[in-house]
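Novice: If you scroll down you'll find the structure; I have some questions about it.
Since every read-out is calculated from the coordinates, none of them should be taken as a lab result. All values derive from a computational prediction rather than experimental measurement. A quick note on method: Cβ atoms are made from the backbone with ideal geometry, for glycine too, and the neighbour counts reach across all protein chains shown.
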Amino acid sequence: MGILLAFAGALFAGAVAILAKLGYTGVDSTLATALCTVVVLVFAWGLAALGGELPALAEIPARSWVFLTLSGLATGASWLCYFAALQKGDVARVAPIDKSSTILTMLLAIPILGEIPTPLGVACMVVMGAGTLLMVGVPKPGTQGGRASGGWLAAAWASAVFAALTSILTKLGVTGIDSTLGTAVRTTVVLVMAWVMVLVKTGVPGAVGEMKTIRGSGWVFLALSGIATGASWLCQNASLQLIDASLAAPIDKLSIVVTILFSRLILKEKLPRAARIGLVLLVAGTLGLLI
């Protein structure tokens with residue numbers, strides 16, 4: 001069941017990047033992230049209420065509060081960096097970098113969670129790393145020498161680092177509590193963090209003015225992105241209660257297949273030959289971790 005939940009989370013996560021790319025166009029990425037988080041918050045707390053988990057809030061131990069808060073902060077930072085990268089870079093190049101957090105998660109799981117990778121696991125990490133570099137290293141069509149512009153590359157790598165921290169902190173935070181409730185608490189932290197950054201960056205007048213420029217389709221895609229994110233989180237948190245983080249994280253990263261497929265069909269982004277080889281290596285390394 002834990003593996004099935006992890007795959008469901010990967011499916012929803014794969015759709016998030018495309019929906020966000022469509023909804024964030026022409027909108028400040030920090031504001032768009034804050035708006036998207038509102039949808040996730042309603043989604044998460046609604047499910048927690050329907051499941052009768054709200055009374056359990058008083059029973060959450062202090063240790064879980066600490067790690068869920070830290071997880072929320074890491075998630076917020078990862079989101080802000082990821083969506084900023086998506087605004088300026090191709091989905092087919094940003095997504096592989098984000099998925100490299102699998103390798104970082106496995107490395108962090110060694111000293112923090114005591115999850116020691118097998119020799120096969122180490123080999124798979126190497127294959128995944130090679131695949132990521134092939135996908136990211138392909139020059140972007142239409143740019144001189146394929147050089148990154150606008151800082152999207154740095155933002156994408158920062159997203160991967162924070163995403164790895166999120167997996168570890170979530171594993172520590174949801175232990176012994178309902179995953180739905182844990183998701184709701186974590187989302188609240190992300191919401192506060194995102195809106196504080198919006199207010200610091202643009203202030204209330206600036207945020208209101210920016211929201212007035214969002215078209216109807218933009219609101220739809222932002223809402224769908226939030227719903228897909230909430231569903232992904234719920235599945236991922238539930239899987240982390242049942243299986244090791246070093247196993248759940250690789251499955252989650254298979255969402256790149258969904259993302260790349262949608263980026264080709266909807267955004268018309270083509271993968272050069274080297275990038276296709278990199279995708280095969282990335283998926284092969286990920287599947288190898290499940291053996």
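Novice: Taking a virtual spin label 7 Å from the Cα of ILE116 along the C-beta vector, which residues in the range 208-245 bring their backbone nitrogen under 20 Å of it?
Specialist: Only 244-245 pass the distance filter.
Novice: Continuing with the same structure: Would you order THR213, THR175, THR75 from fewest to most other beta-carbon atoms within 10 Å of each residue's own beta-carbon? Don't jump to the answer; show the numbers that get you there.
Specialist: Working: THR213 10, THR175 14, THR75 25.
Taking fewest neighbouring Cβ atoms as first place, the list is THR213, THR175, THR75.
Novice: Net charge within 15 Å of THR202 by Cβ-Cβ distance, Lys/Arg positive one each and Asp/Glu negative one each, not counting THR202 itself?
Specialist: 0
Novice: So, in the chain, how many Lys pairs have Cα atoms under 20 Å apart, if the pair is 8 or more places apart or on different chains?
Specialist: Lysine pair count for the chain: 20.
Novice: Provide Rg and Dmax in Å for the range 65-223, with only Cα atoms included in the calculation.
Specialist: 18.1, 56
Novice: Which ordering of LEU172, LEU240 is given by a fewest-first count of other beta-carbon atoms within 10 Å?
Specialist: LEU172, LEU240
Novice: Taking every pair of alpha-carbon atoms in the range 37-138, what share in percent sits in each 5 Å bin, from 0 to the bin with the longest distance?
Specialist: With 5 Å bins starting at 0, P(r) equals 2, 10, 12, 16, 16, 14, 14, 9, 5, 1, 0.
Novice: Taking the chain, how much of its Cα-Cα pair set, in percent, is spaced more than 32 angstrom apart?
Specialist: Numbers: 9225 of 42195 pairs.
Within the chain, distances greater than 32 Å cover 22 percent of Cα pairs.
Novice: Could you state the orientation-averaged shadow area of the convex hull built on the Cα atoms of the range 145-242, in nm² to one decimal?
Specialist: That works out to 8.6 nm², a quarter of the Cα hull's surface.
Novice: Using the alpha-carbon centroid of each, what span in Å lies between the range 209-248 and the range 8-38?
Specialist: One Cα centre to the other: 7 Å.
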